[in-house]
1. Residues that are β-branched (Val, Ile, Thr) and within 16 Å of the chain's Cα centre (by Cα), at least 3 per element: which strands (runs of 3 or more DSSP E) completely within the chain meet that?
2. So VAL54 clears everything in (1) at pLDDT 90 or above; (2) β-branched (Val, Ile, Thr); (3) in contact with a helix residue (DSSP H, G or I) (Cβ under 8 Å, 6 or more places away or on another chain) except one condition, right? Which one?
3. Would you mind stating whether LEU82 is aliphatic (A, V, I, L, M), in contact (Cβ under 8 Å) with a residue 24 or more places away in the chain and surrounded by fewer than 17 Cβ atoms within 10 Å (Cβ to Cβ)?
Amino acid sequence: MKELFSQREETLSTAIGGGVAIPHIIYDRATAQQLYIFRLRKPLDFNALDNRPVEIVFALVAASVQPAIVHLQTLAKIGLMLKKESFLHDLLLSADADEIFEVVKKYD
């Protein structure tokens, strides 16, 4: 799966600016869509248009057996949540996975 994410980044950066990246792939072995959220301790250069290093990664793994609309709806939902500055702010203040999960539930 790591290779698929690397290939995706080589095609075009998934950094959307503001310290956020949303890498997304379709994985043949996945049976359901999966979303992983990472708050990076050390920001990474994702070659973002705003040149800001990435601190938050939303890694989306889509199952090839699901309709593409499910994948697109999830990307759209993430985008809507990120329009709220407080969402990103709260994610950056999260201390662990449980807090990240609570932030996502709060804004969902």
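The values are calculated or read from the model by the stated rules, or taken from the named source; none is laboratory data. What you see is a predicted model, and the numbers here were worked out from it, not measured in a lab. For neighbour counting, all protein chains shown are included, and Cβ atoms are generated from backbone atoms with ideal geometry for every residue, glycine included.
1. In the chain, the matching strands (runs of 3 or more DSSP E) lie at 54-63.
2. (3)
3. So LEU82 does not fit the description; no.
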